Every structure is written in structure tokens, then in C-alpha cells.
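**Q** Provided herewith is a single structure, encoded as C-alpha cells, for subsequent inquiry.
Taken together, the values in this text are just the output of simple stated rules run on the coordinates, not laboratory data. All values reported here derive from a predicted model rather than from experimental measurement. Note that we place each Cβ from the backbone using ideal geometry, even for glycine, and neighbour counts take in every protein chain shown.
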């Protein structure tokens, strides 16, 4: 009987142990499943974040979105092309500029070497205005009019100036609105005159800013290209940009020559006056010394005064009647 009880107790303990192990394994399995679901949720959130992009003008890191700035570039260039048919190629260049929505700003076909003895054009210079986006295309097409001998291009970034002018225009317009509001509230004549004066001044400043903005807009929208068409051997040579010691020496010599030329010009202008002053001044100088020597010579050669001067020893005083005459 005692043996049966011990076996039953042992079986009960084994069953309790098995139940406890099963419960622990289920708990651990639930814990491992929970992070998996959390990871799935976090990965889904991470994928959704880039799709959402920016919120309220800010990036996902909370920094403000940077505004997009369009670069404003002013382009200029000079192109020299040699051709045997200058007049025909000149017309072709005008046609090319018109096809690119450009225009001829100025033209020079006269002057030295402009027209030959038989009346034909041997050299033409055209200043073309073409859209900046078509600048490279214009150079490519115009270079096909003949033999390209030289090309010079420059570009200037005026983005900062454009942004500054736009900002100042916005500020000036807001200032004008405040001045107009003050003018509507003015009651006395003095206040009205003062506010109107300030309003006129600020309107003039706004007009100046608008004119500057328009000028910058035209310069950035239209590139300037100078086309020189000439017969072979008659094209003008563009000056080379010298640098280094030779360029410095040449610049110094040019400055010295310019200074010497200016001094020589000034001396040449003053020379007639200097000659006139010498012809008049030297005789007057000598005559002045002669006038100084004349009174001294007269006093040295003058004798005793007759009837009033005494003999020697009297000191030039008149003799007393009772004084004996000198022997």
C-alpha cells in the first residue's frame, strides 16, 4: 500500500513538471512572436515614411525645405568667320538668328575695309541677340558659314543680384502700402504733405528697382553674340590676354609713355607763356637793380652846398659871424 502511494505521488510530480514545462514553452513562444510583429509594424512604418515625403514644407528630420533657385547667367561672345561671300553669308546669319527667335541689335559694314573698290562688301560685323538657351546652337550654326578663325566667350553669374532686387522690390511694395495707409489717416495739411513726399520718394525707388530688374531679365534671357564676317586675310585679330612678367613690363612701359606724353603736352601748352614772361620779366629785373644803384652814385659824387656849407672841420654847419675864419 505504501508502495502504491509512492508511485502515485511520483506520477503526480511528473505530471505537474510536464505541465509547468509546457506552460513556460508557450510563454516563451508568445514572447518571440511579439517582437516579430513589432518589427513588421516598424518596417511598414519605415516604408511609409519615405512615401509620405515632406510634411508642411519640412523634411523628415524637421529641417525646413530649401527653396529652388534658378541660376541667372549672362552670356556674351565674339565669333570671327572668314568667307569669300560676305554679303550672302551676312543674310544667312540674319536668317539663322531669326530662326532661333533672335534679332540683330546692330550692324556695321562700313569703315576701313568695309566695302571694296567695286562696291562689294568685304567685311560685316553683326551684334546678335539670341535666347540664352539657344546660344550654343547659334554658335554652331554660324560657324558653318565659313572658316571659323577665332571665338571668345564669357559668362557672368548674376543670380545673387537678381534675388537681391526681387527681395528689395517686395520690401518696397510693402512699404508703399504702409505709406498709403498713413496717407488715408492723415488729417492735417502738414501730415498730408509730409506723407505724400515720402510716398513719392519711395515710388521713385520702386521704379528704379523695377527698371534694374527688367535690365537683368533681358540680359539673362538674351545672350549677346558678335559675329564678324570677313574675307580671308582681312579678319581683325583679337587682342590676346597677356599675363606674367612680360605683360607687367608692357603695362609699366605703357603707363610711363602715357605719363611722359601728358607731361610733354602740358609743357608744350605752357611754353609760349614762359617765353612771354621771360621777354618781359628779365628786362624789368635788370632795370630794377639799376634803379637801386642810381641814388647811391648821386650821393657819392655830389659836392658842398654853395653859400651854406662851411669849410672843413665845421661839420657842414653854418659859420657864426664872431667865429674867426680858418686860415
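**Q** Between residues in the stretch 256-270 that are touching a residue at least 60 places away in the same chain (Cβ under 8 Å) and residues that are assigned to a helix (DSSP H, G or I) and loosely packed, with under 10 Cβ neighbours inside 10 Å, which pairs lie under 7 Å by C-beta distance while being six or more apart or on different chains?
**A** none
**Q** What are the residue pairs meeting all of these: first residue in the stretch 208-219, first residue farther than 13 Å from residue 168 by Cβ, second residue surrounded by 11 or more Cβ atoms within 10 Å (Cβ to Cβ), Cβ atoms under 6 Å, and 6 or more apart or on different chains?
**A** Listed by first residue and then by second, the contacts come to 219/74.
**Q** If I ask for residues that are touching a residue at least 60 places away in the same chain (Cβ under 8 Å) and either out of contact with any strand residue (DSSP E or B) (no Cβ under 8 Å at 6 or more places or on another chain) or not in a strand (DSSP E or B) (or both), which ones from the stretch 148-198 would you list?
**A** First, pick out the residues of the stretch 148-198 that are touching a residue at least 60 places away in the same chain (Cβ under 8 Å): 148-159, 161-163.
If the condition is that a residue be touching a residue at least 60 places away in the same chain (Cβ under 8 Å) and either out of contact with any strand residue (DSSP E or B) (no Cβ under 8 Å at 6 or more places or on another chain) or not in a strand (DSSP E or B) (or both), then 158, 159, 161, 162, 163 are the ones that fit.
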